[in-house]
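Here the structure is laid out as structure tokens; the discussion comes afterwards.
Where a number appears in this text, it was derived from the coordinates with a stated rule and is not lab data. On a predicted model such as this, the values are computed, not experimentally measured, just so you know. Reconstructed Cβ throughout: ideal geometry from the backbone, glycine too, with neighbour counts over all protein chains shown.
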Amino acid sequence: MAASLASKWSRVGRSFLGGLDHKLSGFLSTSHEACSNSFSQMRTVLKVVDNSGAKKVMCIQALKGKKGARLGDTIVASVKEAHPNGKVKKGKVVYGVVVRAAMQRGRCDGSEVKFDDNVVVLVDKQGQPIGTRVFGPIPHELRKKKHVKILTLAKHIA
Amino acid sequence: MRIEKCWFCSSTVYPGHGIQFVRNDAKIFRFCRSKCHKNFKMKRNPRKVKWTKAYRRLHGKDMTQDSTFEFERKRNRPERYDRNLTENTLKAIKTIDKVRSRREAKHIETRKKGKKAQLMREAVKELEQSISLVKAPSVLKEDKSYTLPKIKVKVSQAEAKNQPMEE
């Protein structure tokens, strides 16, 4: 069933993006058999893991990268689900940094890391996080991308 | 740089190998190869999978307690660089490795050997208890040996020739 839905998305998505093949991560990021070779692209729903007020966010554009966003990249997203009294409201267009991705990312020592889910931290245009707390483990790949502020807020650095 | 242990099979993961999976509760699982990773994704328990070290240790196939294991404990304190210390450590690693593998081999050897003695003891007991099945007790009183007398049967040559070979 998931396979047929995925193929339907691929037919629809082709009109959006003009022929990319990685359509598996599309709609629901809550599936447990994480297909670990998929970027976060347009229409990818990501969880928000800070206290900015948003809960779920849909990627509109992956800045940098033809195929999509990976761990540590910034995306433009639209807030789909939000806490009733938060800084960010539903329907707002925000920037976000992908802090956990189910797709493995190579480290400079040759090993690869992957996380359990696709998760984002909302930032402003300058790259400063909107929220004041982040939850869950954060990889230290962000240090290279100059997102040091997010790392300082992190409880656990993977 | 650190040499890790695979979470599933307990083999060493050298730098540049394997995948590490970070769960949302911040627990890190390191795998040496995709075989272990795929088994983990299948939610298999390494204590039940026969080829893993966890299984072998649990079921007594491999050595569990030894003083050589103390040397391999994880230390999180960085040591100040001292060339002598490094050299001595490298030499020590070699000798400790040799000793440990020797002891492990011995453990497996004694494990495999033990069965023979047990079988002997069982056989002796069986002979003593159930000799009455093959030797009448009255005969046993006269001749107290546990071995049965050898009986020679004479076969005439003609008979042997007449009987066709069974195919």
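General observations
- Filtered residues of region B:1-12 (kept if crowded, with 22+ Cβ neighbours inside 10 Å and within 9 Å of another protein chain (Cβ to nearest Cβ)): none
- Residues in region B:13-60 that are under 17 Å from residue A:116 (Cβ atoms) and aromatic (Phe, Trp, Tyr) were compared, and the one that is surrounded by the most Cβ atoms within 10 Å (Cβ to Cβ) is B:31.
- Applying the condition of being touching a residue at least 60 places away in the same chain (Cβ under 8 Å) and touching a strand residue (DSSP E or B) at 6+ places or on another chain (Cβ under 9 Å) to region A:143-158 and asking which residue is surrounded by the most Cβ atoms within 10 Å (Cβ to Cβ) yields A:147.
- Scanning region A:94-108 finds no residues that are more than 30 Å from residue B:33 (Cβ to Cβ) and within 11 Å of chain B (Cβ to nearest Cβ).
- Flag: residue B:84 does not match the condition of being exposed (fewer than 10 other Cβ atoms within 10 Å of the Cβ) and under 30 Å from residue B:39 (Cα atoms).
- Check on residue B:89, among the polar types (S, T, N, Q) and either under 26 Å from residue B:110 (Cβ atoms) or within 13 Å of chain A (Cβ to nearest Cβ) (or both): no
Matching residues to (1) basic (Lys, Arg); (2) in a loop (DSSP other than H, G, I, E, B):
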{"residue": "A:89", "(1), (2)": "yes, yes"}
{"residue": "A:95", "(1), (2)": "no, no"}
{"residue": "A:102", "(1), (2)": "no, yes"}
{"residue": "A:109", "(1), (2)": "no, yes"}
{"residue": "A:120", "(1), (2)": "no, no"}
{"residue": "A:127", "(1), (2)": "no, yes"}
{"residue": "A:132", "(1), (2)": "no, yes"}
{"residue": "A:143", "(1), (2)": "yes, no"}
{"residue": "A:146", "(1), (2)": "yes, yes"}
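- If the condition is being of a type outside the set (Val, Ile, Thr) and free of Cβ contacts under 8 Å to residues at least 40 places away in the same chain, then region B:97-114 contributes B:97, B:98, B:100, B:101, B:102, B:105, B:106, B:109, B:112, B:113, B:114.
- Top-ranked residue in region B:13-59 [being among the aromatic types (Phe, Trp, Tyr) and away from every other protein chain (no Cβ under 14 Å); ranked as farthest from residue B:76 (Cα to Cα)]: B:51
- Residue satisfying condition, being part of a helix (DSSP H, G or I) and basic (Lys, Arg), within set B:100, B:77: B:100
- Being within 14 Å of chain A (Cβ to nearest Cβ) and within 30 Å of residue A:154 (Cβ to Cβ) is not true of residue B:74.
- In region A:116-142, residue surrounded by the fewest Cβ atoms within 10 Å (Cβ to Cβ) [restricted to those that are within 14 Å of chain B (Cβ to nearest Cβ) and free of Cβ contacts under 8 Å to residues at least 40 places away in the same chain]: A:140
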